[in-house]
Amino acid sequence: MQQTTSPNAERILLIRMLSVKDTATIGVAALRHFQTKFPDSHIDFLTFGAGADIIHLVDPNVETITLPAHAWPNDLLVAIEAFLGLAETIISNEYTQIVNLDTAFMPCFLARFLHDAGQSVAGNMLNISVQTLLNQFQDQTLQPDFVQSTERYMQSTFHGMTRLQSQWWNTQQFDAGYTEFYLRECCGFKDIDIDVSLSIERIRQINSPSSECALSESRSEQTTAKKIALCLADAHDGYAYPYICELKEMLELKGFQVWTNGSKERRLMETLNNVAEADLVITKPGESQWYGKAVCCLTLLISASESPLISMPDYATDQTARCPVHCPFTQTEQSVCCCDTPEELADGIESIFAEQGR
């Protein structure tokens, strides 16, 4: 089924590609905002890999343009070729407005190419022409840190984007954390309603009956035990929580039912389905931390070195330094682990449910 619009309606393309988490937070909230602001328009979405699945959970009628995971390599010239192919598709669709919400280098390259080609582009783009970039690459004068630093390569029609690199959470708090800060303050969507929830019914429909859904199966047993999802296999700081097995064992000894996504690579919809069946999901700052808000499950964030004010979870541990034992990026003679212990976490989780039961 296609979107039904009038012949003279605007055709808008939204771009958010960096990761599934970015699509599921900033992308989802922005899509709903544009659908509300331009109800008669035709809105498409450019995303990356499994990001298309997220957009279709929000609205199966939204058309997506998707760059496959293998088409975004580290080789700059190969990536440029892939994104120029995207540009050809985009130009042929004759959009009246293209909005790049991404900050990564290649989406900004794409936006700049489209802008230079005469397309109506808003948002983030390279601050030099594509031809200048290619000349610098061929002359071997292109600095590696130019490609790696948002501050160096990006310009924006969003005036608030100058706040992107600030430690905004120390001076201003947002109920929806970074997603709200980025869209409301950086992009200037002051009247946006931050809604990043996904359809649990559609998630369950996508999961096949043979999927391993431990929490869902246990719910059918009519047990009163609280259900906990441990989604601790990834983290922004480069190291997963090191005591997942110990934490799982301690929680089970306390009578909780526990599911973890760390034992094998799992399908995204299977993971979301298990989190939706849980009473609490535990994550570190990383790709997994959006699961809870997406399916309306309470979240406990193991903060580690990141301030919980950035994501505003329901519960959070105290912020610590990067662990000198488990983090591969620390350089210190100290050799004492500073990760939250499984004992502390298990007791804290028990107290959360005890508080809820009062």
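Within the range 322-347, residues that are more than 23 Å from LEU280 (Cβ to Cβ) reach no partner that is surrounded by 15 or more Cβ atoms within 10 Å (Cβ to Cβ) and modelled with pLDDT of 95 or more with beta carbons closer than 6 Å at six or more positions or on different chains. Is it true that some residue in the range 58-68 is free of Cβ contacts under 8 Å to residues at least 24 places away in the same chain, under 20 Å from the mean Cα position of the chain (by Cα) and over 19 Å from ARG11 (Cα atoms)? Yes, the range 58-68 contains a residue that is free of Cβ contacts under 8 Å to residues at least 24 places away in the same chain, under 20 Å from the mean Cα position of the chain (by Cα) and over 19 Å from ARG11 (Cα atoms). Within the range 289-347, work out how many residues are under 17 Å from TYR241 (Cα atoms) and among the aliphatic types (A, V, I, L, M). Summing the residues that are under 17 Å from TYR241 (Cα atoms) and among the aliphatic types (A, V, I, L, M) in the range 289-347 gives 10. Scanning the range 278-303 for residues that are in contact with a Gly (Cβ under 7 Å, 6 or more places away or on another chain) and either aromatic (Phe, Trp, Tyr) or surrounded by fewer than 20 Cβ atoms within 10 Å (Cβ to Cβ) (or both) returns a single hit, LEU298.
Could you list, in sequence order, all residues of the range 169-186 that are within 17 Å of ILE26 (Cα to Cα) and among the hydroxyl-bearing types (Ser, Thr, Tyr)? If the condition is that a residue be within 17 Å of ILE26 (Cα to Cα) and among the hydroxyl-bearing types (Ser, Thr, Tyr), then TYR178, THR179, TYR182 are the ones that fit.
Take the residues in the range 304-346 that are of a type in the set (D, E, K, R) and open to solvent by 80 Å² or more (accessible area, probe 1.4 Å), then tell me which one is farthest from the chain's Cα centre (by Cα).
Across the range 304-346, the extreme among qualifying residues is GLU333.
Sort out which residues of the range 122-179 are acidic (Asp, Glu) and free of Cβ contacts under 8 Å to residues at least 24 places away in the same chain, and write them in order of number. Within the range 122-179, ASP139, ASP145, GLU151 meet the criteria. Based on this model, can you work out whether VAL275 counts as out of contact with any Ser or Thr (no Cβ under 8 Å at 6 or more places or on another chain) and either open to solvent by 30 Å² or more (accessible area, probe 1.4 Å) or over 21 Å from GLY238 (Cβ atoms) (or both)? Answer is yes for this residue. When the range 234-254 is filtered for residues that are among the aliphatic types (A, V, I, L, M) and surrounded by fewer than 21 Cβ atoms within 10 Å (Cβ to Cβ), the ones remaining, listed by number, are ALA240, ILE244, MET250, LEU253.
The values are calculated or read from the model by the stated rules, or taken from the named source; none is laboratory data. What you are looking at is a predicted structure, and each value in this text was computed from that prediction instead of being measured. Counting neighbours? That spans all protein chains shown, and the Cβs are built from the backbone with ideal geometry, glycine included. Just the protein is used for accessible areas: all its heavy atoms, side chains included, with ligands, DNA and RNA removed. Shrake-Rupley method; radii C 1.70, N 1.55, O 1.52, S 1.80 Å.
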